[in-house]
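Values in this text are rule-based calculations from the coordinates and carry no lab data. Since the model is a prediction, treat every value here as computed from it, not as a measurement. Note: ideal-geometry Cβ built from the backbone for every residue, glycine included; neighbour counts use all protein chains shown.
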Amino acid sequence: MNSRRTFIKQAGIAGVASMLPLDNFLMDTKINSAMNEKSKWADGSRLVVSVSMQFEAGGQPDNAESPFPQNLAKGYLDLPAATWYQYGYKEGIPRMLDNWDTLGIKVTSHMVGSAVLKNPQLAKEIVERGHEAAAHGMNWSSQYNLSYEDEKKFIQDGVDAIKSVTGAKAIGYNANWLRRGENTLKILQELGFKYHIDDLSRDEPFIVQVNNKDFAVVPYTLRNNDILLIEGKNFSADQFFNQVKLEFEQLYAESEFKRRQLSISFHDRIGGTPQMVKATKNLIEYMQQHKGVAFKRKDEIAELTLNDKSSIREV
């Protein structure tokens, strides 16, 4: 009976197809094929996952914001808060590095120049393990309010710090709290950068013109960011897991029809805690069970975007 139903169904489809002009049938097939091809990444990935590991601890100013109440008397150092930051380079990044190795993925580490100089061996180890060293300014100062030359020096000093310690030339940039200025992209292009991440406007990378040259934007998110969810909203590791899992599932469904990227961000002192590393391991193992999911460094994503004629271009 089942075979008979199948025969009737197939015969029906064939009959309908025979009634349509052959040219129209072939044209529709080509259009559907082109749409499917355009929806995929150039390397054939279905969904690309981009993981950030921010290397900031050690570069923060005295009495930087922390989970402790900000009611310290004037003139005194917040010593407990300092140890909270120290956790980032003593425990956080080493634990995350081991986790990335276990999972078999490579990530992008946006490095604050002063943090790199304070912990050079750790910065070097990040690169030696195959991860990308990207720039994150020389220190935690804002740059949007600097003059052109001062901002250029601020960015260049951070690049030089990374280069001197790790040997890597940073080609990606992340401003402090994403707050770039009107001159930032021009300066980045002049200094040889290929991309920045200070943009929340899309769920896929795109190209902008800077100084009449192509420049890649590899979008960031706040909704998949431990500094906002764990520190800022006091989410548990379980809540973080579930929120990012839902994001992944929706983007994976959309990726059948269009190019999609999932961005997740971890900070040394937050994402490197035992519970967060365990939650991250479970989360990424879940993603790896899905066909076509690829984990890429941001420099790899930028390169794919710049070389793909079907990439979105914005004025």
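For Rg/Rh (Cα atoms, Kirkwood Rh), one of [x] 1.08; [y] 1.15; [z] 1.05 was computed from the structure I shared and the rest are decoys. Which label?
Matching entry in [x] 1.08; [y] 1.15; [z] 1.05: [x].
Which lysines, if any, have their Cα less than 16 Å from the Cα of Lys118, not counting same-chain residues under 8 positions apart?
Lys90, Lys163
Taking the beta-carbon count within 10 Å as an exposure proxy, list Trp84, Trp177 from fewest neighbours to most. Intermediate results must be reported in sequence, preceding the final value.
On the way: Trp84 17, Trp177 11.
By the 10 Å Cβ count, ascending, the order reads Trp177, Trp84.
What FRET efficiency would be calculated for the residue pair Thr83, Leu306, taking the C-beta separation as r and a Förster radius of 35 Å, to the nearest 0.05?
On the way: r = 42 Å, r/R0 = 1.21.
Efficiency at R0 = 35 Å is approximately 0.25.
Which one of Val210, Val107, Val49 has the biggest mean-square fluctuation once the chain is modelled by GNM with Cα springs under 10 Å?
The residue that fluctuates most here is Val210.
Would you please give the FRET efficiency between Glu91 and Lys169, computed as 1/(1 + (r/R0)^6) with r the Cβ-Cβ distance and R0 = 25 Å, to the nearest 0.05?
On the way: r = 29 Å, r/R0 = 1.15.
Once the sixth-power term is evaluated, E becomes 0.30.
So which DSSP H runs in the chain come out at 18 Å plus along the axis (Cα) with average Kyte-Doolittle of at least -1.0?
2-19, 22-39, 148-166, 237-254, 274-288
What are the residues whose amide H is under 5 Å from the amide H of Ile312, where those residues sit 5 or more places off or on another chain and H is modelled from the backbone?
Amide H neighbours of Ile312, under 5 Å, 5+ apart: Ile207.
Could you name the aspartates and glutamates in cross-link range of Lys281, using Cα to Cα under 13 Å and dropping any fewer than eight places away on the same chain?
Answer for Lys281, where 13 Å is the Cα cut-off: Asp98, Asp101, Asp238, listed by chain and number.
Taking 8 Å as the Cα distance limit and 6 or more residues as the minimum spacing, I'd like the relative contact order of the chain as a percentage.
27 percent
Place a +1 charge on the Cβ of each Lys and Arg in the chain and a -1 charge on the Cβ of each Asp and Glu, then give the dipole magnitude about the Cα centre in debye, rounded to the nearest 20.
920 debye
To the nearest Å, what is the center-to-center distance of segment 231-246 and segment 120-150, using C-alpha atoms only?
The two parts, judged by their Cα centres, are 27 Å apart.
Which listed residue (Val315, Gly137, Leu72) has the Cα farthest towards the positive end of the charge dipole for the chain, taking +1 on Lys and Arg C-beta and -1 on Asp and Glu C-beta about the Cα centre?
With unit charges placed on the Cβ atoms, the residue in question is Val315.
Give the lysines reachable from Lys309 as a straight Cα distance under 28 Å; neighbours fewer than 8 places away on the same chain don't count.
Lys30, Lys38, Lys40, Lys106, Lys169, Lys186, Lys194, Lys213, Lys258, Lys291, Lys296, Lys298
Relative contact order of segment 125-175: what whole-number percent is it, with Cα pairs under 8 angstrom and at least 6 residues apart?
48 percent
Could you please rank Leu251, Leu306, placing first whichever residue has the fewest other Cβ atoms within 10 Å of its Cβ? Spell out each step's value before the answer.
Details: Leu251 19, Leu306 15.
Ascending number of Cβ neighbours within 10 Å: Leu306, Leu251.
Set Lys and Arg Cβ to +1 and Asp and Glu Cβ to -1, take the dipole of the chain about its Cα centre, and tell me which of Trp41, Leu185, Pro120 lies farthest positive.
So the residue furthest toward the plus end is Trp41.
What list do you get for Thr305, Thr166 if you sort them by fewest beta carbons within 10 Å?
Values: Thr305 25, Thr166 20.
Ascending number of Cβ neighbours within 10 Å: Thr166, Thr305.
Once the Cβ-Cβ distance between Gln250 and Lys213 is put in as r, and R0 is 30 Å, what FRET efficiency do you end up with, to the nearest 0.05?
0.30
Which shape class, rounded, prolate or oblate, goes with segment 85-197 when its Cα gyration tensor gives a ≥ b ≥ c as root eigenvalues, a/c under 1.5 marks rounded, and past that a/b bigger than b/c marks prolate? Don't skip to the answer; put the middle values down first.
Details: a/c = 2.04, a/b = 1.80, b/c = 1.14.
Here segment 85-197 falls in the prolate category.
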